[in-house]
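Structure first, then comments.
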Amino acid sequence: MKVIAIKADSREHGEFVLESLQQAVSRSRVALDDLALVTRDDDGKVQIQQTGGDVTPQKGAKRGALVGALVGLAAPPLLGAAAVGAGVGALYGRLRDKGIDDDLMKQIGGTISSGEAVVFALGSDASVQAIADKVRDLTHGDMETLVIDPDDEGFLRDAAVDIPAPTQTIWKLPS
């Protein structure tokens, strides 16, 4: 599995790229496991728009609470089932969220200018390579892409070079 990041000069252009990839998936031209659009607003805040392909802990908690509430309505003594359902749903979402890493998207999103966008796609090596080739052909190499292989230790080491070392001891207190 690899991730491709496609930089767009505007949110609208990013949305076009995202929609084009979604159409390619629906027509079975590529197989992708996750898609996301990352933008940076005028205040410099990075926004991540997931396409709904994966279950996050928050979504899992909402679904679990709904199921638990329905059980509670059917059997009022089991009203506590909503809380238990929310907890189980959150755990399910946490275990199931195997899409594109949010921290990676935030980090790359932090490097773009206000108004720009980056589309992320997670898929098989062949699908990601096909997308990279197509983007290069359509834009004559003018659109920036970055292909990330999470298993490439060398790439991760090179990327880590730019991460500053802590200047002080960091203590993590139990919560």
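The values are calculated or read from the model by the stated rules, or taken from the named source; none is laboratory data. Not measured: the values here are computed from a predicted model. Counting neighbours? That spans all protein chains shown, and the Cβs are built from the backbone with ideal geometry, glycine included.
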(request) Give the stretch 32-66 a look and list any residue that's assigned to a loop (DSSP other than H, G, I, E, B) and at pLDDT 90 or above, or say none. (result) K45
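If you check I4 against the conditions, is it surrounded by 14 or more Cβ atoms within 10 Å (Cβ to Cβ) and in contact with a Lys or Arg (Cβ under 8 Å, 6 or more places away or on another chain)? Let's see the steps before the verdict.
On the way: surrounded by 14 or more Cβ atoms within 10 Å (Cβ to Cβ): yes; in contact with a Lys or Arg (Cβ under 8 Å, 6 or more places away or on another chain): no.
No, not satisfied.
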(request) Please state which of the following conditions K7 fails to meet, knowing it meets all the rest: (1) modelled with pLDDT of 90 or more; (2) in a helix (DSSP H, G or I); (3) not aliphatic (A, V, I, L, M). (result) (2)
(message) Restricting to the stretch 1-44, name every residue that is within 17 Å of T111 (Cβ to Cβ) and among the hydrophobic types (A, V, I, L, M, F, W, C).
(response) V3, I4, A5, I6, A8, A36, L37, V38
